[in-house]
Amino acid sequence: MRPPHSAPGGDAASAAWELLLPAAAAPARTRGRSLQAALREAVRSGRLAPGTRLPSSRDLAADLGVSRGLVTEAYEQLTAEGYLRSGRGAGTWVGAAVRAAPPRAHDPAPRAPGARADFVPGTPDLALFPRAAWAAAQRGVLAELPHHELGYPDPRGLPRLRTALAELLARRRGVVADPERIVVVSGVAQATTLLGFALHARGVRTVGVEDPGSPQHDALYAAAGVDAVPVPVDGEGLALEPLRASGVRAVVTTPAHQFPTGIAYSARRRAALLDWARSVDGIVLEDDYDGDFRYDRAPVGALQGLDPDRVAYTGSVSKSLAPGLRLGWLLVPESWMDGVVERKRTMDLGHPALDQALFARFLERGDYDRQLRRCQRAYRERRDALAAALDAHFPGSRVSGIAAGLHVIATLPERYGPEERFLARVAAAGVAVRPLSAYAHAPGEDAGAKETRLVLGYAHVPPARIAEGVRLMAQAATG
């Protein structure tokens, strides 16, 4: 190969030669494709600007040391695709239809960048993910999965997985779980959206949400054309008088471990909530986001078990395995099933079959039960470590809520307030925390209170770092 010859359009010849030279050195059997790919990328990236005249096929072939046929074929292919344009006797030019490639994709996943300590709730310890057992299950599934199961699945999910989930949920959560009424979904977020569309199809335009509660519900239901109506939570669960006054006929609840207050709905309130649903011909949407994690006693069974015709139930592996798996389940009353399944079909044609088969095998072999026990031990230890650190560094603080889940509510004495000043000082020290007030859908009577109430997540933080993080927080608060 030789440097490009000097000729009119020499700048273009030099640029083309430099950009295409590596492709010209590719093995003979791939040289043509490599040449086309390199030329396409040069135009797409803007290194060969629109309106640039390219060397003739004869000259470029000579410069690159390849056959003229390869260059001619590349020019013809890219002209057909719109990257180049040519005219009889007028040469070949870079077309104007192409725009420079956008920047590389960014990762906007929620994190606390640069935090010295991170107590933002909602994240499990991803280091506990059972890589070896998961890989073994994957190998087993790939070896045994029938070819036909790699086609479009039943939008409800593979029968094998729905059967395994029904057994798991009945055994661990007291759910009335008919495999025919289970829909495998991409986490609780998709389950929520599916229920929103099902409500909308029935003419329901409002849904009650716990206040305080998950801030995600508003946007998920809004995407389905349903407005979220805040309903206050008291010490036993959803407050019934405000619920009745709201006029809603559907309500979202977290009865096993209310998020974020940490209470468990009382038996009396659970019964009254179902009575309300029957009286208005309504439905209760139960989000069992962390129902498996109770540390002082056996978990309270799911509300759905009391009235499967009035409660839709959803959960996922986001807290027990990893949220990145995007794997969950939804049980709906029989009369709602057709609408939910049809919407699931139109959304994504069903959950990935290979992932479903893998999780089914994981359940069948007892690996999921072992993972739950492993997480329970780790998270109980971390909850105890957080309570001890708060007691040591924030004397007089109170930890409320049942011994469950992946977060606690910590109420600090007035001397550490007001809340706004506390949060500013802690943030400046590099400690990421969320106040309970951040989860309010509507301003409460205690707005502006001097005492500070924090929602502290601990599952993703090792015990030693929990102690250090609380120490840093106390140092910032009193400094």
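The values are calculated or read from the model by the stated rules, or taken from the named source; none is laboratory data. Not measured: the values here are computed from a predicted model. Every residue, glycine as well, gets a Cβ built from its backbone with ideal geometry; the counts of neighbours run over all protein chains shown. With ligands, DNA and RNA removed, areas are computed over all heavy atoms of the protein, side chains included. Shrake-Rupley method; radii C 1.70, N 1.55, O 1.52, S 1.80 Å.
Looking at the range 464-479, which of its residues are farther than 8 Å from H393 by Cβ, in a helix (DSSP H, G or I) and not acidic (D, E)? Break it down stepwise before answering.
Keep residues of the range 464-479 that are farther than 8 Å from H393 by Cβ, which gives 464-469, 472, 475-479.
Keeping just the survivors that are in a helix (DSSP H, G or I) gives 464-469, 472, 475-478.
Scanning the range 464-479 gives A464, R465, I466, A467, G469, L472, Q475, A476, A477, T478.
Take the range 274-298 and flag every residue that is over 30 Å from L321 (Cβ atoms) and either in contact (Cβ under 8 Å) with a residue 12 or more places away in the chain or open to solvent by less than 70 Å² (accessible area, probe 1.4 Å) (or both).
Initially, the range 274-298 is screened for residues over 30 Å from L321 (Cβ atoms), giving 274-282.
Hits for the range 274-298 are L274, W276, A277, R278, V280, D281, G282.
Hey, among R139, R181, which residue is at pLDDT 95 or above, of a type outside the set (V, I, T) and over 23 Å from A322 (Cβ atoms)?
Numbers: R139 fails: over 23 Å from A322 (Cβ atoms).
One residue alone meets the criteria, R181.
Of the numbered conditions (1) farther than 25 Å from V341 by Cβ; (2) open to solvent by 50 Å² or more (accessible area, probe 1.4 Å); (3) without any contact (Cβ under 8 Å) to a residue 60 or more places away in the chain, A136 fails exactly one; give the number of that condition.
(2)
With V229, V176 as the choices, which residue is more than 22 Å from the chain's Cα centre (by Cα) and buried (at least 19 other Cβ atoms within 10 Å of the Cβ)?
On the way: V176 fails: buried (at least 19 other Cβ atoms within 10 Å of the Cβ).
Checking each option against the conditions leaves just V229.
In the range 55-84, which residues are open to solvent by less than 10 Å² (accessible area, probe 1.4 Å) and not in a helix (DSSP H, G or I)? Step through it out loud before you land on a result.
Step one: of the range 55-84, the residues open to solvent by less than 10 Å² (accessible area, probe 1.4 Å) are 60-61, 63-64, 71, 74, 78, 84.
Listed by number, the list holds a single entry, L84.
Could you list all residues from the range 241-265 that are open to solvent by 30 Å² or more (accessible area, probe 1.4 Å), over 27 Å from the mean Cα position of the chain (by Cα) and not acidic (D, E)?
Once the filter is applied, which keeps residues that are open to solvent by 30 Å² or more (accessible area, probe 1.4 Å), over 27 Å from the mean Cα position of the chain (by Cα) and not acidic (D, E), the range 241-265 yields P242, R244, A245, S246, G247, R249.
Can you tell me which residue is farthest from the chain's Cα centre (by Cα) among those in the range 153-173 that are of a type in the set (G, A, S) and in a helix (DSSP H, G or I)? It would help to see each step written out before you state the result.
First, the residues of the range 153-173 that are of a type in the set (G, A, S): 157, 164, 166, 170.
If we keep only those that are in a helix (DSSP H, G or I) too, we end up with 164, 166, 170.
Working: A164: 23, A166: 24, A170: 26 Å.
The residue in question is A170.
Taking the range 271-295 as the region of interest, how many residues are under 17 Å from H257 (Cα atoms) and under 29 Å from the mean Cα position of the chain (by Cα)?
Residues of the range 271-295 under 17 Å from H257 (Cα atoms): 271, 273, 284-295.
Now restrict to residues that are under 29 Å from the mean Cα position of the chain (by Cα): 284-295.
So the count comes out to 12.
Out of the residues in the range 299-327 that are in contact with a His (Cβ under 9 Å, 6 or more places away or on another chain) and in contact (Cβ under 8 Å) with a residue 60 or more places away in the chain, state the one that is farthest from L363 (Cα to Cα). Working first, answer last.
Looking only at the range 299-327, we keep the residues that are in contact with a His (Cβ under 9 Å, 6 or more places away or on another chain), and these are 299-300, 326-327.
Retained after the next criterion (residues that are in contact (Cβ under 8 Å) with a residue 60 or more places away in the chain): 299, 326-327.
Working: P299: 20, R326: 16, L327: 13 Å.
Applying the filter and picking the extreme gives P299.
In the set Y221, Y152, which member is in contact with a Ser or Thr (Cβ under 8 Å, 6 or more places away or on another chain) and of a type in the set (F, W, Y)? Reasoning before the result, please.
Working: Y152 fails: in contact with a Ser or Thr (Cβ under 8 Å, 6 or more places away or on another chain).
Just a single option satisfies the conditions, and that option is Y221.
Of everything in the range 260-273, what is assigned to a helix (DSSP H, G or I), in contact (Cβ under 8 Å) with a residue 24 or more places away in the chain and small (G, A, S)? Give them in sequence order.
So the first thing to find is which residues in the range 260-273 are assigned to a helix (DSSP H, G or I), and the list is 267-273.
Restricting the remaining residues to those that are in contact (Cβ under 8 Å) with a residue 24 or more places away in the chain gives 268-273.
Matches in the range 260-273: A271, A272.
Just give me the residues in the range 123-133 being more than 21 Å from the chain's Cα centre (by Cα) and either touching a residue at least 40 places away in the same chain (Cβ under 8 Å) or assigned to a loop (DSSP other than H, G, I, E, B) (or both), in sequence order.
If we filter the range 123-133 for residues that are more than 21 Å from the chain's Cα centre (by Cα), which is where we start, we get 132-133.
Scanning the range 123-133 gives a single hit, A133.
Answer yes or no as to whether A49 is of a type in the set (A, V, I, L, M), at pLDDT below 90 and assigned to a helix (DSSP H, G or I).
Numbers: of a type in the set (A, V, I, L, M): yes; at pLDDT below 90: yes; assigned to a helix (DSSP H, G or I): no.
Against the criterion (of a type in the set (A, V, I, L, M), at pLDDT below 90 and assigned to a helix (DSSP H, G or I)), A49 does not qualify.
Tally up the residues in the range 237-274 that are of a type in the set (D, E, K, R) and touching a helix residue (DSSP H, G or I) at 6+ places or on another chain (Cβ under 9 Å), please. Spell out the reasoning first.
Here is the first cut: in the range 237-274, the residues of a type in the set (D, E, K, R) are 241, 244, 249, 268-270.
In the following step, the residues that additionally are touching a helix residue (DSSP H, G or I) at 6+ places or on another chain (Cβ under 9 Å) were identified as 244, 249, 269-270.
Matching residues across the range 237-274 total 4.
Conditions tested, residue by residue: (1) among the acidic types (D, E); (2) touching a residue at least 60 places away in the same chain (Cβ under 8 Å); (3) within 20 Å of E342 (Cβ to Cβ).
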{"site": "D154", "(1), (2), (3)": "yes, yes, yes"}
{"site": "Q216", "(1), (2), (3)": "no, no, no"}
{"site": "A223", "(1), (2), (3)": "no, no, yes"}
{"site": "G237", "(1), (2), (3)": "no, no, no"}
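In the range 194-219, what count of residues is obtained for those that are part of a helix (DSSP H, G or I), of a type outside the set (F, W, Y), open to solvent by 20 Å² or more (accessible area, probe 1.4 Å) and modelled with pLDDT of 95 or more?
2
Within the range 378-390, identify whether any single residue is within 22 Å of the chain's Cα centre (by Cα), modelled with pLDDT of 95 or more and under 30 Å from V461 (Cβ atoms), and answer yes or no.
Yes, the range 378-390 contains a residue that is within 22 Å of the chain's Cα centre (by Cα), modelled with pLDDT of 95 or more and under 30 Å from V461 (Cβ atoms).
Looking only at the range 184-226, how many residues end up being within 18 Å of R156 (Cβ to Cβ) and of a type in the set (S, T, Y)?
Adding up the residues that qualify gives 3.
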